[in-house]
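The values are calculated or read from the model by the stated rules, or taken from the named source; none is laboratory data. What you are looking at is a predicted structure, and each value in this text was computed from that prediction instead of being measured. Counting neighbours? That spans all protein chains shown, and the Cβs are built from the backbone with ideal geometry, glycine included. All accessible areas refer to the heavy atoms of the entire protein, side chains included, with ligands and DNA or RNA removed. Shrake-Rupley method; radii C 1.70, N 1.55, O 1.52, S 1.80 Å.
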Amino acid sequence: QVHLVESGGGLVQAGGSLRLSCAASGRTFSGSAMGWFRQAPGKEREFVAGVNWSGNAVYYAESVKGRFTISRDNAKNTVYLQMNSLKAEDTANYYCAAREIGTVGVYDYDYWGQGTQVTVSS
């Protein structure tokens, strides 16, 4: 079992930046690929970014490529999402997720956090 706790959400103006953090506990964090997802009101949850177990392979949704950066610190059992040049359409509840395997991916995440709200005002 993996327990995930997100933090760092908040209200920011368009063009601003936020950094989300996800602290993990439980099974070996360093062996798990991690991802960030988001869900806006009335919309389905969507993949945002993923990172493999070592941090040297990442993958982004087209909508955030060039603006968001995912990274991880295995010594701190934490994964981050640096969000720059935020837009109103980035407003959503952001979730951290973990896979049982170490390869980066868009699907098949096994563990989920409770989410942190990001609101971008235009």
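Pairs meeting the criteria (first residue in the range 78-107 and touching a residue at least 12 places away in the same chain (Cβ under 8 Å) and under 16 Å from residue 12 (Cβ atoms), second residue open to solvent by 10 Å² or more (accessible area, probe 1.4 Å) and of a type in the set (Phe, Trp, Tyr), beta carbons under 8 Å, at least 6 apart or on different chains) are 94/37. Identify all residues within the range 1-17 that are open to solvent by 20 Å² or more (accessible area, probe 1.4 Å) and in contact with a Lys or Arg (Cβ under 7 Å, 6 or more places away or on another chain); write none if there are none. Passing the criteria: 1, 8, 14. Restricting the search to the range 80-122, which residues are small (Gly, Ala, Ser), closer than 24 Å to residue 16 by Cα and in a loop (DSSP other than H, G, I, E, B)? Listed by number, the residues that qualify are 85, 115, 122.
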